[in-house]
Amino acid sequence: MIAPGRATPYAALEERLGYRFRDVSLCQTALTHKSWLNETHDPHRSDNERFEFLGDAVLALVVSDLLMKQFPTHPEGELSKTRAAIVNEAGLARVAEWPVLGQWIFLGRGEEQAGGRQKRSILSDSLEALIGAVYIDGGFPAAYDVAHHLFEPLLADAEVAAGRDFKSRLQEMSQARLQLAPTYIVVSQQGPDHDKTFEVAITLGGTEYGRAQGKSKKEAQQNAAALALALLEDPGHK
């Protein structure tokens, strides 16, 4: 146990986490990969696999709660897909890059030479273990705050993706209401190759439902789909 205000070897990491460990040995365990323990045989240390198991469960609960609050009308299926995209190996490794977690992990020489500090699997497992360590040290409120702090960028991306995937939403709505699939037509493109502006029209059954511009065809299609959605969702539209 460390006294308040006392410097620890992990002070810089704690600052990035937004959390100060009361028991610094928990942080150390969370950062100990089994390859390091296999080589050192330190009887006073444990690897981070049990913490990883716990952190995985804590993180799933935190992210589920945050998504429920962020998307109050989304069905369970969409929430599950969004959560899976956030807490998968790639998402965890992406989050781990922000506190540069790789530099803190205790690795064996073989794993070190094999580029272990950049491996997604090691980074994601260590991040989960760190969340588990925070949970043990400070309880669920502390783990919730740390996870929210670390995953806020991914949650923001999820909100943008959910709110801006107008093409998918239009596809579902147009087929359900009109039994028609939308058609996207590039009406024009202007400007030099490095700075083009595209204009796209969207039609349903030969009738135009929206026309919009964008800096790419994909962006223009999304913008046009948003207009078509607004028209279809208008109670006064026939």
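The values are calculated or read from the model by the stated rules, or taken from the named source; none is laboratory data. Everything numeric in this text was worked out from a predicted model, so none of it was measured. Neighbour counts are summed over all protein chains in view; Cβ atoms, including those assigned to glycine, are modelled from backbone coordinates with ideal geometry.
Among residues of region 24-45 being at pLDDT 95 or above and in a loop (DSSP other than H, G, I, E, B), the one that is nearest to residue 115 (Cα to Cα) is 33. Is one or more of the residues making up region 47-54 at pLDDT below 95 and not aliphatic (A, V, I, L, M)? No, that holds for no residue. Evaluation of residue 94 against the conditions (1) among the charged types (D, E, K, R); (2) touching a residue at least 40 places away in the same chain (Cβ under 8 Å); (3) farther than 18 Å from residue 56 by Cβ shows that the sole unmet condition is (3).
Residues that are hydrophobic (A, V, I, L, M, F, W, C) and without any contact (Cβ under 8 Å) to a residue 40 or more places away in the chain were ranked within region 101-147; the one that is farthest from residue 24 (Cα to Cα) is 114.
Report yes if residue 214 is in contact with a helix residue (DSSP H, G or I) (Cβ under 9 Å, 6 or more places away or on another chain), of a type in the set (Gly, Ala, Ser) and over 30 Å from residue 84 (Cβ atoms), otherwise no. Let's see the steps before the verdict.
Values: in contact with a helix residue (DSSP H, G or I) (Cβ under 9 Å, 6 or more places away or on another chain): yes; of a type in the set (Gly, Ala, Ser): yes; over 30 Å from residue 84 (Cβ atoms): no.
Answer is no for this residue.
Among the residues making up region 93-115, those that are assigned to a helix (DSSP H, G or I) and modelled with pLDDT of 90 or more are 95, 96, 101, 102, 103, 104, 109, 110, 111, 112, 113. Among the residues that make up region 140-161, is at least one of them surrounded by fewer than 20 Cβ atoms within 10 Å (Cβ to Cβ) and on the phi > 0 side of the Ramachandran plot? Within region 140-161, not a single residue is surrounded by fewer than 20 Cβ atoms within 10 Å (Cβ to Cβ) and on the phi > 0 side of the Ramachandran plot.
Residue-by-condition table, conditions (1) among the aromatic types (Phe, Trp, Tyr); (2) closer than 16 Å to residue 130 by Cα; (3) surrounded by 13 or more Cβ atoms within 10 Å (Cβ to Cβ):
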position	(1), (2), (3)
19	yes, yes, yes
39	no, no, yes
42	no, no, no
66	no, no, yes
71	yes, no, yes
80	no, no, yes
83	no, no, yes
87	no, yes, yes
93	no, yes, yes
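Residue 178 meets the conditions (1) touching a strand residue (DSSP E or B) at 6+ places or on another chain (Cβ under 9 Å); (2) at pLDDT 90 or above in every case but one. The failed one is (2).
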